[in-house]
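Note sheet for the following structure.
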Amino acid sequence: MLLQQVHLANETDAVDIRITDGKFAAIAPHLDALSGEEVISDCAGKMVLPPFVESHVHLDTCLTAGRPQWNLSGTLFEGIQRWEEYKPFLTKQEVKDRVNQAIRMQAGNGIQYVRTHVDINDPKLTALEAILELREEVRDYMDIQIVAFPQYGILSYPKGKELLEQALKMGADVAGAIPHFEFTREYSVESLNICFELAQKYGKLIDVHCDEIDDEASRGLETLATRAYEAGMGHMVTASHTTAMHSYNNAYMIRLMRLLKLSGINFVANPCVNVHLGGRADTYPKRRGMTRVKELTAEGLNVSFGSDDIFDPWNPLGNANMRDQVFMGLYTGHMLGYEEITQSYRFVTENGARTLNLGDGYGIKVGNDANFVVMDAKNWYDALNFNAPVLRNYRKGKVIAHTAPVEKKVLF
Ligand code: FE2
């Protein structure tokens, strides 16, 4: 198959892309079609990107907003309460039906790689079982990484450690923790020790819900980064949210930044949900509650963006479109400089791939699986600004989702 005259990300010069046996075979300014080769010319002038990476979402809770009740205060803690009320309705099939729907929404928006957190503070581990099954069922279309996520804590929930270990044994890819939600500072530190111990025992990655609170005294991150640094595991470790960093004083931040750089851990911000849930205890001025994306990025640390929640007790909106996270992230992070805009696709492509440890197999280059998206725009600036749809989502050279271009007509 020969894809003619597309733009790789923001490149102004177009290229032809040859795909053979589901892999990128050649990329050059001009390639002659081989005899009998399928030629795709209707994407000419459009932008091509590697598939989007959703680096932080809770698929187990998706599409449950308002059932049985809406989260009216809009706080994280009422969200947890509403989720608790939904839990009795969970069955394996119910979870699979919802998550299947969400995965198709994601595919329609060009996502092919997902890291989902799954609540394992459930003695039956119903949602985990369902999503482990789904991970295999959709493998031809989507790569799903599962984080064993202890929503109520490892030490502050009965048998939390045992459930975490069981989840990893069952096949979860990533060990989770939630130090800011543990009962005490001592539990917080010890929960991270347990998380590292189990991750190392079973050869798993680590992704921690870390300091997702406006409390400037919430400092799980320094423990997480220290453990990662000392274990030499930085690239395998992710600090999700870190919204307390928004409230840290700068003197502390300068000291912390040195450690963060030494550790080399990854960060995930969830711009829409962080802004929605953050600052809820404030009157005015109200904090934004998003971590320091601009500063972390400037220091060379890897930051990716996630949706966190798709129409669930923590977010009553959400359409599984990563563009919205970039849009909100740039505004919230004071990152609307020209270069910051043009490069911002990285937060939901290559930076996300780095968070997920996808390795060299991710990206548009000869030899890799031909996984990519074609967007209805000539570059990322326009795609972001005009909310361009993903015209085609290709997986190993085959279309797995497509959207017709929208034609707007103004009658004057
Ligand atoms: Fe989360």
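Per the listing 207, 214, the residue uniquely at pLDDT 95 or above, open to solvent by 20 Å² or more (accessible area, probe 1.4 Å), of a type in the set (D, E, K, R) and within 16 Å of the ligand (Cβ to nearest atom) is 214. Starting from the stretch 214-225, take each residue that is small (Gly, Ala, Ser) and list its partners that are open to solvent by less than 10 Å² (accessible area, probe 1.4 Å) and part of a loop (DSSP other than H, G, I, E, B), counting only C-beta distances under 6 angstrom and pairs at least six apart or across chains. From residues that are small (Gly, Ala, Ser), the pairs are 218/211; 220/211; 225/265.
Of the residues making up the stretch 135-160, those that are within 22 Å of residue 357 (Cα to Cα) and either hydroxyl-bearing (Ser, Thr, Tyr) or open to solvent by 20 Å² or more (accessible area, probe 1.4 Å) (or both) are 135, 136, 137, 139, 140, 141, 143, 145. Within the stretch 242-265, being of a type outside the set (Val, Ile, Thr), open to solvent by less than 20 Å² (accessible area, probe 1.4 Å) and assigned to a loop (DSSP other than H, G, I, E, B) holds for one residue alone: 248. For residue 178, which of the numbered conditions (1) in contact (Cβ under 8 Å) with a residue 40 or more places away in the chain; (2) within 16 Å of the ligand (Cβ to nearest atom) fails to hold? Checking residue 178 against (1) in contact (Cβ under 8 Å) with a residue 40 or more places away in the chain; (2) within 16 Å of the ligand (Cβ to nearest atom), the one that fails is (1). Given the conditions (1) open to solvent by 40 Å² or more (accessible area, probe 1.4 Å); (2) more than 16 Å from the ligand (Cβ to nearest atom); (3) farther than 30 Å from residue 7 by Cβ; (4) out of contact with any Cys (no Cβ under 9 Å at 6 or more places or on another chain), which single one is not true for residue 101? So the condition that residue 101 fails would be (4).
Among the criteria (1) farther than 23 Å from residue 199 by Cβ; (2) among the polar types (S, T, N, Q); (3) within 16 Å of the ligand (Cβ to nearest atom), the one residue 126 does not fulfil is (3). Does residue 94 satisfy being of a type in the set (Asp, Glu), part of a strand (DSSP E or B) and closer than 24 Å to residue 145 by Cα? It is false that residue 94 is of a type in the set (Asp, Glu), part of a strand (DSSP E or B) and closer than 24 Å to residue 145 by Cα. In the set 268, 293, 273, only one residue is among the β-branched types (Val, Ile, Thr), open to solvent by less than 30 Å² (accessible area, probe 1.4 Å) and over 12 Å from residue 212 (Cα atoms); that residue is 293.
The values are calculated or read from the model by the stated rules, or taken from the named source; none is laboratory data. Nothing here was measured: the structure is a model prediction, and the numbers come from that model. Positions of Cβ are backbone-derived with ideal geometry, glycine not excepted, and every protein chain shown enters the neighbour counts. Note: areas computed on protein heavy atoms with side chains; ligands, DNA, RNA excluded. Shrake-Rupley method; radii C 1.70, N 1.55, O 1.52, S 1.80 Å.
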